[in-house]
Each structure stands twice: as structure tokens, then as C-alpha cells.
Amino acid sequence: MLKMVLYQYLKKRTSPAQWSEEAKLNEAMRWLGRGYQPARRTWYDFRDRVGDVIERLHEQLINRAIDEDLLDPGVGVQDGTFFAACASRHRMINQETLHKRREILAGVINGSPSDDQEIPKWVPPTVSGRLELAERIEAAAEILTARIEQNAGKRSDKRKDPAKIVVSLSDPEAPLGRDKFKVYRPLYTVQYMIEPTSNLIISYCCEAAANDAGTLAPMIDKTQRIVSGKLRCVMADAAYCSILDLQDCQDRNIELLAPVQSNSMTESKKKNRVDRQIDRDEFAWDKNERSYHCPAGHRLEHKGREQKQRHGGRSIIEHCYRCSPSHCQGCELAVRCVSNPSRGRTIKRLEGQELLDAQREKMNEESTKVRYQLRGQTVERGFADAKGNRRFERYHGRGLRRARAETGLLVLAQNLLILDRLEREDLNHDKTTT
Ligand code: SF4
């Protein structure tokens, strides 16, 4: 059945209902399954079961490529993308609506509404459908409460109105975020670590997250487990180059090639602005005094520190330095430097900023730029193949477990195609040389 499913993935069909149909009508499917024609329900069950073994099959495939010398596990290129969850973006509800629906559904299940009372259209017609919906509502209520609590822990200027925090009833596990087309919808984030010369996907993951933050270290660990610790260098974009990411790479003895903070487009936009403020980079950091000197030569005083929350419950310390208002008020650079000279210019510095500065310098070296070019030529091809050639833009099953199984099937299908090409090229090369 797995052979048939992988064939269907290559043919852009991800629905078990389509597989069932194809198993009866498609000659190739009949040949692959040796005439086996499972019932439609069996295909759905298979899709749900296969997730447990797909990781092991993926590891076997990668190790086979390493043994055949088709893959260099020393370098990996990481990037992420979003795939839409199997849930409508028009049917997301807040806590108040959720509670109302829970009460109505409980009434319908217990048979309390009278005959003349109309049952809402969103209530399924069958008993099993109603019970399933009741389970989903309970799961959604738990997830929504966690989201509201997380929102309450945010800074007041970043906090949302709790009434605007919503959950999808079709797939409560899917977080809400903007996809590549800036559409706000339930989605899952998928990460690929691709080997740049063969284009094989060495490792992957599918997470219930709406951004790439905090995925670098887990992906490195997963890749190291698959390639037995042979990974030495990871290339990624600026989203994977925070201080915590750099520290994680240092702890794991991995070289990270990724630009700091902004991409080249934002940098050039910044430089072209005529009214731009004197940049923080123009303030000199004194390592011995552990303080800044402003372009007018004055020393900034340390004014305090603040703990900043980061992804996964981690935090980072931010220090604040301020130039004395007495200097700023009489300074001829004040117009370009500080909006309110009577308060003095402030500069913020994160603990571990040295790592970011060293990374910025490294990324400006010519040799690094040449090596980094490999990233652009590699990682987008994996996602382009998934979305363009395999037409994989939305999950078919609901829930993180199914989304992971579907991602595993997609990666296995993509890798099998690449491995087949590499093995044929290798064979042809051997024939030519003999
Ligand atoms: S405005 Fe203040 S911080 Fe800026 S250069 Fe002048 S003295 Fe220094």
C-alpha cells in the first residue's frame, strides 16, 4: 500500500478517497498493488497508521544515500514554509461562541430541545457526528484557554483583545497565522534541512507553529541523529540567526551561515532613507568599560536591564544605555540622533551581542558570501517541488498527527525521486568512465 500511496503523491493526489478510486481504475496502481483493491476506509486507516513508520523509512533512505556516496552530510540548508491546515479560515470562533455552541450541542445530545426548536445547521445530523464534534469542542476549548493565557502574559502593547482570540473547530491544533499570500488562516509550519549538492531532504519536521522561531536547534539535533553526528555547517536565512540560535550552534559545534537580523533588501532600504536616525552601529562599544561612546565622543551610562521573553519559554537580557541629556541638548548632531534631547539618546544591547557582531562580520567576508550562495540555489527548490510539481499546498487530514504523516509521505516521495535520479546518474557515470 505504501508503494501505491507514494506513487499517488508523485501524481499530486493526496486524498485517500482518490487512492481508493485509482486502485480500481489505474493500471499502474493495480500493478504496484498486485491487484489489491482495499476499501476506502482501509486507505484512511492506512494514512493514519503510516505516520509511525515513515520516520524510520526516511532514515533508511538517507543512510543508503550516504553509504552510496551520493550525499555529503556535512552541510545542510534549512528553511521553512507554511501549508494550510484542513480547516476553513471563515469558521473560526472565539471563547464566547465556543461556550454557546458547547451548551447547544450538549442540549441536542441529551435530547433536551423540544421538537419545535430548530437545530442549528452546524450540528451534525448523526449521533456519532455529534459526539465527535463534542470531543473537538472540548479540545478547542482547552487550546483556546491556553492561547488566552499566553496572550495575557504578553506586554500590554502587544496584547490582543481576548474576544479576538479565536480557534478553528475543524482543526483546533492548527495555529493561526499569515501564509505566504498574507492570508490569515489555520496552518502548520514545515521545516526542511536539505543537502545542497544532491538536493536530498536530510531531515524535516512539521510543527503546530505559525513561524520559524526556535526550530533551528531541534532540526540540527534531528539531523545529527539521522546522519550520526556528521553535520558541521548549516545555512539559513536571517530568521534563524538570533543570539539564542548562535548560542545553540556554538554549543553543538555547528557553523551557522546566516545573515543577522535583516536581509539585503531591508538594509539597502535603510541606507537610502534621507531622514534616517544615526544608527546604533555608529555608536562605539567599549569592551573594557562595557559601555557605548556616541559619535560626539560622550560615554553612555548603564541605565538598567530587562528580561525579554523568547520562543519556547526561553529569555534573554537586554541592557539599556543612555547619553546624559546635558550632552544631547547642546549637541549639533541632536537633530539626527535623538527625538527628545531632554531625555537623552538611549541604546539597547542584548546579552551575547558579541556573537551577533562577529556573525555580521563573518557574513561580510567574500569567502563566506561565495559559500552562502549555495543556500539560495538549494532550499527553495524543495518547497517549489512540493507546491508546484506535487501540488501540495493544503493538508488533507485534520490534526497535527495526520499533518506529520502527510509531510513524511511527501518528503519520502520527493526523496525517492531524487535518489532514483542520483543512482541512475551514478550508474551512467560509471559506464562512461569504464
Ligand atoms: S545627540 Fe547625544 S548621543 Fe547623539 S551624538 Fe549628540 S551627545 Fe551623542
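Only the coordinates and a few stated rules stand behind these numbers; no lab work does. Source: prediction; values computed, not measured. We place every Cβ from the backbone using ideal geometry, glycine too, and count neighbours over all the protein chains shown.
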Simple spin-label model, 7 Å along Cα-to-Cβ: His429 to Asp48 in nm? 4.5 nm
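Just the C-alpha atoms of the chain: what Rg/Rh do they give, with Rh taken as the Kirkwood radius?
When Rh is taken as the Kirkwood radius, the ratio is 1.05.
Going down the table (Lys160/Lys303; Lys12/Lys387; Lys158/Lys308; Lys287/Lys348), which pairs top 18 Å between alpha carbons? Spell out each step's value before the answer.
Working: Lys160/Lys303 30 Å; Lys12/Lys387 10 Å; Lys158/Lys308 13 Å; Lys287/Lys348 15 Å.
In this structure, Lys160/Lys303 exceed 18 Å between Cα atoms.
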Between Ser342 and Glu27, what is the label-to-label distance in nm when each label sits 7 Å out along the Cα-to-Cβ direction? 8.7 nm
Out of segment 72-149, which GluC sites (Glu not before Pro) are coil in DSSP terms and have no more than 10 other C-beta atoms within 10 Å? Glu118
So how much slack lies between Lys287 and Phe181, counting 0.36 nm per residue of separation and subtracting their Cα-Cα distance, in nm? 33.7 nm
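Any idea what the relative contact order of the chain is, in percent, if you count C-alpha pairs under 8 Å spaced at least 6 apart? Provide the component values of the computation, followed by the final result.
On the way: 623 pairs, mean separation 91.8, N = 434.
Relative contact order of the chain: 21 percent.
How high is the FRET efficiency between Arg394 and Gln329 when r is their beta carbon distance and R₀ equals 45 Å, given to the nearest 0.05? Kindly include the intermediate steps, with their values, before the conclusion.
On the way: r = 59 Å, r/R0 = 1.30.
Step by step, r from the Cβ atoms, then E = 0.15.
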Can you compute the modelled spin-label distance between Leu417 and Gln150, with each label point 7 Å from Cα toward Cβ, in nm? 3.3 nm
Zone of Ala163 (label point 7 Å along Cα→Cβ, backbone N under 11 Å): which residues in segment 66-102? 96
